[in-house]
Amino acid sequence: MAKIKTFFQCQACGYVSPKWVGKCPDCGEWNTIVEEKKESRPRGIPAGKTEPQPLNTITSGREKRTKTGIKELDRVLGGGIVEGSVILVGGDPGIGKSTILMQAISGLSKKQNTVLYVSGEESPEQIKLRAERLSINSDRIVLLAETSLEGIIDTASKMNPDTIVIDSIQTMYNDDILSAPGSVSQVRECAARLMFFAKRSAIPVFIVGHVTKEGAIAGPRVLEHIVDTVLYFEGDRGQPYRILRTVKNRFGSTNEIGVFEMTDAGLVEIENPSELFLAQRPLNVSGSTVIASMEGTRPLMVELQALVSPTTFGMPRRTSIGVDFNRVNLLVAVLEKKAGLHLGGMDIFINVVGGLRIVEPAIDLGIVMTIASSLKEIPIDPKIFMFGEIGLSGEIRAVAYAEQRIKEAAKIGFRTAVMSGNNQERLKDSFGLEIIGVNNIEEALERIGI
Ligand code: TYD
Ligand code: MG
């Protein structure tokens, strides 16, 4: 007899509790614990069929990859779709997940691959409308409106397609689990079943995952563990730019990004994003500078803006968009202590233009210089760009990939690079640019002329 087990699970982190609580003891979120039910049936999984093998007796073939033909997507995947891999594509609703997958499978269908597109959200007619808008038509793209995982795996086993797309995992359900579709146990179980199917059949599976309002894929950590690759589709809804970012990749490097623009005919790849992000830069205004940042293996020049103004309330406001808030606070403290700037009574706003989010410490120098430029109302020469990490004693430290950053800047017409003295010494080529090496904040302010 099947037994029904009731438990309470956090929808944010997957923590299981025997009783209901208001706050998840694991991740600290409020009101995320919901009741879930599971039917525990004895499962007939044959145990212990595989033998342990010494490492040196295992022969490895290179993984077989299929290119989608969308270069930005292929690079983010590490050079194409790996056979039997499970790729999770996460992002806000309406950001373009279904669109990019439609375009990717169109590329695959042109290579004589058949694709099974399973949608639990849209009817085949709606999908057809989107395909028409993208000028996609093929008999190799097969649509299936289904939400039962059993049904999907059944159809997929019979049809044996070359690729499967599941749009989205939150709409799928598994009969074994009594919780509603979209709950952590359903999402996890469905993803695990799909993973098992992908590995056994060597068919790659794309899974679309929605993002909660906090910005994580629902049932996030549980899902990220299960799949091979996690891609996040980011971007501001008000802006046409979209960034596809690798968060995890068992078959390639992480931190790669692909840049797209949403147009009325779908997503268009942007091969030279630096030019795009700098296109509308105001010249000769204070509180703006360009930094050379690395996104994975790719250099990216972006504009960083700061606005510093006297606070009208007792507590000065600090806001940062696109960079870590705590990092900005730390750098403000260093600026006050080491360069003697008075920022205590100032509101400070920092913004990375174009809706980008930059996590590497190489932008420190840019943050500090834009704040100083805005405070003193002295513009930074628009032909200057900079990169460098700043330490707590105000020293400017070397960062990796200096040559790549300079090369990218030279390509789009910058004349002067400001970096750590250490970086300058180790530089092998300056690509025709004037290089200014600085060792601490004061020196940097002086050389940049603020
Ligand atoms: P969609 O791929 O449906 O988003 P998701 O699957 O992530 O929820 O994209 C929906 C948005 O993209 C919608 O607001 C309309 C816009 N869009 C375009 O601007 N051009 C296009 O060619 C397409 C297909 C969509
Ligand atoms: Mg969609």
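The values are calculated or read from the model by the stated rules, or taken from the named source; none is laboratory data. On a predicted model such as this, the values are computed, not experimentally measured, just so you know. For neighbour counting, all protein chains shown are included, and Cβ atoms are generated from backbone atoms with ideal geometry for every residue, glycine included.
Being in contact with a helix residue (DSSP H, G or I) (Cβ under 6 Å, 6 or more places away or on another chain), modelled with pLDDT of 85 or more and not in a loop (DSSP other than H, G, I, E, B) is the filter here, so list the residues in region 166-185 that pass it.
Result: D167, I169, Y173.
In the list G69, G96, G91, which residue meets the criterion of being within 16 Å of ligand 2 (Cβ to nearest atom), in the same structural domain as G238 (by TED's automatic domain parsing), more than 15 Å from T229 (Cβ to Cβ) and small (G, A, S)?
G96
Scan region 154-165 and tell me whether some residue there is at pLDDT 95 or above and within 16 Å of ligand 1 (Cβ to nearest atom).
yes
In region 260-287, which residues are assigned to a strand (DSSP E or B), touching a residue at least 40 places away in the same chain (Cβ under 8 Å) and surrounded by fewer than 24 Cβ atoms within 10 Å (Cβ to Cβ)? Show your work before the answer.
Taking region 260-287 first, the residues assigned to a strand (DSSP E or B) are 260-263, 266-269.
Imposing the further condition that a residue be touching a residue at least 40 places away in the same chain (Cβ under 8 Å) reduces the set to 260, 262, 266-267, 269.
Matches in region 260-287: M262, G266, E269.
With the structure loaded, tell me whether S109 is under 23 Å from the mean Cα position of the chain (by Cα), part of a helix (DSSP H, G or I) and in the same structural domain as D162 (by TED's automatic domain parsing) or whether it fails that test. Don't jump to the end; show me each part of the working.
Details: under 23 Å from the mean Cα position of the chain (by Cα): no; part of a helix (DSSP H, G or I): yes; in the same structural domain as D162 (by TED's automatic domain parsing): yes.
Against the criterion (under 23 Å from the mean Cα position of the chain (by Cα), part of a helix (DSSP H, G or I) and in the same structural domain as D162 (by TED's automatic domain parsing)), S109 does not qualify.
Can you go through S123, S85, S119, S135 and tell me which one is within 15 Å of ligand 1 (Cβ to nearest atom) and touching a residue at least 60 places away in the same chain (Cβ under 8 Å)?
Sole residue among the options that is within 15 Å of ligand 1 (Cβ to nearest atom) and touching a residue at least 60 places away in the same chain (Cβ under 8 Å): S135.
When you scan region 136-173, how many residues do you find that are of a type in the set (S, T, N, Q) and within 16 Å of ligand 2 (Cβ to nearest atom)?
Number of matching residues: 4.
Here is a list: I291, I207, I226. Which entry is outside the structural domain of I380 (by TED's automatic domain parsing) and more than 16 Å from ligand 2 (Cβ to nearest atom)?
Among I291, I207, I226, only I226 is outside the structural domain of I380 (by TED's automatic domain parsing) and more than 16 Å from ligand 2 (Cβ to nearest atom).
Inside region 103-114, can you point out the residues that are under 18 Å from G84 (Cβ atoms) and either surrounded by fewer than 23 Cβ atoms within 10 Å (Cβ to Cβ) or within 12 Å of ligand 1 (Cβ to nearest atom) (or both)? Steps first, please.
Step one: of region 103-114, the residues under 18 Å from G84 (Cβ atoms) are 104-105, 108, 111, 113-114.
Selection gives A104, K111, N113, T114.
How many residues are away from ligand 1 (no atom under 16 Å from the Cβ) and under 15 Å from V118 (Cβ atoms) if we restrict to region 166-186?
Matching residues across region 166-186 total 3.
Looking for something among the acidic types (D, E), over 28 Å from R62 (Cα atoms) and under 24 Å from the mean Cα position of the chain (by Cα) - is there at least one such residue anywhere in region 149-166?
The first filter runs over region 149-166 and keeps only residues among the acidic types (D, E), leaving 150, 154, 162.
With the extra rule that they be over 28 Å from R62 (Cα atoms), the set shrinks to 150, 154.
Subset that is under 24 Å from the mean Cα position of the chain (by Cα): none.
No: region 149-166 contains no residue that is among the acidic types (D, E), over 28 Å from R62 (Cα atoms) and under 24 Å from the mean Cα position of the chain (by Cα).
Can you pull out the residues in region 88-102 that are within 7 Å of ligand 1 (Cβ to nearest atom), more than 16 Å from R245 (Cβ to Cβ) and at pLDDT 90 or above?
If the condition is that a residue be within 7 Å of ligand 1 (Cβ to nearest atom), more than 16 Å from R245 (Cβ to Cβ) and at pLDDT 90 or above, then S98, T99 are the ones that fit.
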